[in-house]
Amino acid sequence: MLKQKVLVMLTALLILAVPVSAQEEVVDLEEVVVTASRYEESIMDTPVSIEVIDQEEIEGSNAQNVAELLDTYTGVYIKDNGSQVGTKSVKIRGASSDQVLVLFDGVPYNDNHNGGLDLSIISAANIEKIEIIKGPASVIYGANAMGGVVNIITKNIEDISVTKLDLGLGSENTNTYQLSHNEKIDDFGIYLSYLDKSSDTYLEESNFDQENVFLKINNNISKYSDITFTFNNNISDKVINNLDQNDEEQNLSLSWKRQTEAIETNFRIYKNDRQREYPSSNSLHEKDQSGFILNNINYLDNHTFNYGVEIKRDEVKSTDIENGNKENTNKALFVKDNWNFNSELDLIFAARYDDHEEYGSNLSPQAAINYNLNKNYKTFISYSEAFRAPTFDDLYGVYAANPAWHYPGFEGNPDLEAEESDNYEIGLKFNSVIGKGSVSYFYREVTNLITNDYSVSPNTMKNVDDKSEFKGIELNIDNQLTRKLSSSFNYTYLDSQDNNGDRIAGNPYHNAKISLKYKKDEKTFFVSGKLISDNIDGFSGTEMPSYFVVDSSINVPINIINQKIDLLFSINNLFNKDYEVVDGYPMPGRNFMVNLSTKF
C-alpha cells in the first residue's frame, strides 16, 4: 500500500509541476494515430498512453522483425527465447501476449489457438508504422485487447513508380533478400514485395528459413471513397535442436473507406489461415479466423461519434486438442463519443457489448477526461473495464509429456472462467521545449487471472483466486539536444502481485531504455542501451540476473557506378554481454548485420 501511495504522489507531482502559464513555441507537428478510436486523431488528444514507431525510425533501426522494433519502447517487454528460432512474444505493463491484441492493418492477427503471436516471423520490411496502446482497449477492440494493442500498419502506396532492392548479411550465416515494387497509375496503386531470409543461428542443430510475399492494391473509386486489398503469405521453417517446426499462414483482407467532411465509414472483411506442424511428433494445428468490422464516424460540431459492429469466427483443428476440433463466434457492438466540452476540456464516454458463444455477454465501458493545461501540456484521467475469454489451448489443449526435455505434459482446464479487469490511469502528455513525451501512473486490477499451474503433472491452467494487481509508473521523453543530436529515454516501474501479495513472475520491476542519435547530412550514427532489473522467470521461478545491453548502428549513403546505395552496419550486444531473458535460453553474444538498399 505504501508503494502505491508513493507512486501516485510521485506521478501527481510530475504532472502538476509543469509551467502551465508558459506558452512555448514548438515547431514539431503533432503525430496522428488511428488505433485509439478507429479514426484519425492527434496523439495528444487520446485519453490513453500511446506510442508510434514511424517510417524514419523503422528504416534507421537495425531491427529485422516486429519484436526487435517494439523492444525499445516504454512499457513493452519482449519475452525472448533466444536466437532466430526462439519465440518472441510481447508483454505490455505486465499483460501477457494473449492479453495484448496484435492488429495487421486494423484487423485481428493473434494466433487463435493459444492467443499469443510469435513476432519474430513478422518482418519489419513492409511496415509503414506501428502504433502501441499501453493499457486496456477492450472498449473498442474486445477481449484480446485487455492489456494493450499493437497495430502493424503496412506500407502506403506512393504516387511514384519505384523498385527497391535490399540485401543483408550477418552473423551466424544470416542472409536476407527483399525485392519490392511500387506502382501508381491514375487512381490505381499496387505494392508488391518478396522476402527471403535464412540463418544458421548460434544454437547447435538449429536454423531458420523464411519466405514472405506481400501484396497491397488500392483503387480510388470516387472522390470520397477507395477500396484496398491486401494479401500476406508467410512460410517459416525452423529447426530447433534438430526438431522441425513448419509454419504457414495466409492473411487476406478487403477494406472499403468512404470519407466526407462530416462522415467517415469503414468496412473490413478478413480471413486468416495458419498451419503449424511438428513432423517428428505427428503434431498438426490448422487455425482459421474470419470476420468483418463496420464502423461509422460522425464529425459533429462538438462531438466525434463513433459506432460499429464486429463479428469474428474462430476455428481450430488440432491433433493436440480435445476431440480434435473446436470453434466459436463472437459478436460485438461498440460506441464512443468524444465530447469537446470547451477549448480546454474533452469528455470521452465509450462502451462495447460482446456476445461470446461460450462465455455469454460482457459490457466493457470507458470514461475519460482530457484537459489542456496549455497548448504544450495535456493531462488525462481514464477508467475502463476489460475482459478476456480463455483460449482454445487454455481450455482443451492436450500435449504429451517429453522426458528428454523434462516436460510433464499439459492438459487444458475446461472449467476456466473469463478474466475481468478494472483499469485506472492518470497521465501527462507534453510537446514543448523540454522535449516530447509523457508520464503516467497506471493501476490494473484483474479478477480470475488465468495463469499456468506448474504444481501439477501434467501442467494445466488455473484462475487465480480473488484479485491480482498490476501498477506502476511510466516516463518517456524524446529531446532534440542540438540540431544534429537527439536523445530518447523511457522507464517503466512495474509492481505485479496476486491476491496473497506474492509477486507475479515474468514482470521485471525496472525496464529502462536510452538512445542517442547523431545525424549529419545523410549519415546517421545510433547507439542504444536497455536495462532489465529485478525479474523472476515465469516457468522456473528463478531470480534472473539484471542486464544492460548496448546496440549500435551506422547508416551512410555510398555511390557505386552512379547508383546511390544506403549502407546500414549494426552491431548488437556491443560489449558481448552474457544474459538470458528466459531462464535456460541464452541470448546471442556480439553479432553484426550489414544491409544494403537501393532504389531504381
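Worth pointing out:
- Peptide packing: for 557-564, 346-353, the average count of neighbouring Cβ atoms within 10 Å per residue gives the ranking 346-353, 557-564, highest mean first.
- Taking all protein chains together, Glu344, Glu357 sort by accessible area into Glu357, Glu344, largest first [probe 1.4 Å].
- Pair Glu358, Phe600: separation of 7 Å Cα→Cβ label points (nm): 5.4 nm
- Contact order, relative form, for the chain: 11 percent (alpha carbon pairs under 8 Å, 6 or more residues apart, mean separation divided by residue count).
- Taking all protein chains as shown and a probe of 1.4 angstrom, Ser222 keeps an accessible surface of around 50 Å².
- Added length on full extension, which subtracts the Cα-Cα distance from 0.36 nm per residue, Glu543 to Lys271: 93.7 nm
- Residue list for segment 446-488, given a label point 7 angstrom along the Cα-to-Cβ vector of Glu322 and an amide N cut-off under 12 Å: 461
- Ranked by the mean number of other Cβ atoms within 10 Å of their residues, highest first, the peptides 66-78, 137-149, 441-453 come out as 137-149, 66-78, 441-453.
- Surface share of carbon and sulfur [accessible, 1.4 angstrom probe, percent] for the chain: 55 percent
- In this label model, His510 and Asp187 are separated by 5.9 nm, measuring between points 7 Å along each Cα→Cβ vector.
- Its Cα centre serving as origin, the chain has a Cβ charge dipole (Lys and Arg +1, Asp and Glu -1) of approximately 1640 debye.
- Cut-off 17 Å, label 7 Å out along Cα→Cβ of Asn173, residues of segment 231-265 by amide N: 237-244
- Exceedance of the 28 Å cut-off in Cα-Cα distance is limited, within the set Lys184/Lys336; Lys336/Lys429; Lys238/Lys471; Lys238/Lys523; Lys134/Lys164; Lys91/Lys287, to Lys184/Lys336; Lys238/Lys471; Lys238/Lys523; Lys134/Lys164.
- Take each peptide in 314-325, 79-90, count the other Cβ atoms within 10 Å of every residue, and average; sorted highest first, the result is 79-90, 314-325.
- Ordering Asn114, Ser161, Tyr177 by the projection of their Cα atoms onto the charge dipole of segment 107-177, which places +1 on the Cβ of Lys and Arg and -1 on the Cβ of Asp and Glu, puts Asn114 at the extreme positive end.
- The chain, Rg to Rh (Cα coordinates; Rh as Kirkwood inverse mean 1/r): 0.94
- Förster-model FRET efficiency, 35 Å R0, Leu481 and Leu567, C-beta, rounded to 0.05: 0.85
- For the chain, the mean residue ellipticity at 222 nm estimated from helices alone is -1500 deg cm²/dmol, where every DSSP H run of n ≥ 4 contributes -39500 (n - 2.57) and the total is divided by all residues, rounded to the nearest 500.
- Residues in the chain average 45 Å² of solvent-accessible surface per residue, probe 1.4 Å, ligands and nucleic acids excluded.
- Considering only alpha-carbon pairs that sit under 8 angstrom and 6 or more positions apart, the relative contact order computed for segment 513-600 is 22 percent.
- Label positions at Glu411 and Lys520, each projected 7 Å from the Cα along the C-beta direction, are separated by 6.8 nm.
The values are calculated or read from the model by the stated rules, or taken from the named source; none is laboratory data. As the structure is a prediction and not an experimental result, all values here were calculated from the model. So basically every Cβ, Gly included, is an ideal-geometry build from the backbone, and we count neighbours across all protein chains shown. We work out accessible area using only protein heavy atoms, side chains counted, and drop any ligands, DNA or RNA first. Shrake-Rupley method; radii C 1.70, N 1.55, O 1.52, S 1.80 Å.
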